[in-house]
Amino acid sequence: QGQTLGDAAYSFQTLLNAAPDEFSFALVSCHAPFKYSGDSRTTMWQRLSQEVATRAENNKPVSFLLQVGDQIYADEKAHFWQSSPWDKCLAMDNADPQTAARRQALYRDTYVRYWDFPVLRQLYARLPQYMMWDDHDITNGGGSGETHQNASEQSTFAAAKAVYRQFQHVHNPG
């Protein structure tokens, strides 16, 4: 079996040490809970949690969770923001020496808000994670377009990348 690291509230599990003859994994993307209201925010995670539990009961456990992007939507307004985190970051003064730290803090807050659902945290603690980012983890187009080349946009991209490493990349092997 894999190894559980950390305490019960904040933990994750590594993948099995020996390769089994067969394994299954779950694949998800586009975690956008704030497009919905009430229990609909976590429908995807509730269904996945039920499937993981059923497979475990039938001795066909899900080995890991592959998340292929858009774990947050930093370019969209949610009910608790007047403007998107991306827009807030662009409005910050690049000459201020605290701007980089403030941009990272805003992205960290975004992850905390998007991942602050008990069913999501339980799955994250139960299954090893492999995560990659996609454009909305930064902004629509993710800093790759010609319109994302000025100093504020590049500095915001750097903040998003640093926080991606803190929240997502730490789950990946190697």
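Tabulated data
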| read-out | value |
| --- | --- |
| Where the stretch 113-174 is the region considered: accessible area per residue in Å², 1.4 Å probe | 49 Å² |
| Residues whose placed amide H lies under 5 Å from that of Val62, excluding near-sequence neighbours | Ala56 |
| Cα gyration tensor category, rounded, prolate or oblate, for the stretch 99-144 with a/c compared to 1.5 | oblate |
| Net length gained if the chain between Asp116 and Arg55 were fully extended (0.36 nm per residue, minus Cα distance) | 19.5 nm |
| Per DSSP, loop GluC sites (Glu not before Pro) in the stretch 17-120 with at most 14 further Cβ within 10 Å | Glu22 |
| 14 Å cut-off, amide nitrogen to a point 7 angstrom out along Tyr36 Cα→Cβ, residues in the stretch 101-125 | 117-120 |
| Where trypsin sites (Lys or Arg not before Pro) fall in DSSP loop in the stretch 24-99, at most 14 other Cβ within 10 Å | Lys77 |
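The values are calculated or read from the model by the stated rules, or taken from the named source; none is laboratory data. In this text, all values refer to a predicted model and were calculated from it rather than measured experimentally. Ideal geometry is used to build each Cβ from the backbone, glycine not excepted, and the neighbour counts take in all protein chains shown. Remember, those area values only see protein heavy atoms, side chains included, never the ligands or the DNA or RNA. Shrake-Rupley method; radii C 1.70, N 1.55, O 1.52, S 1.80 Å.
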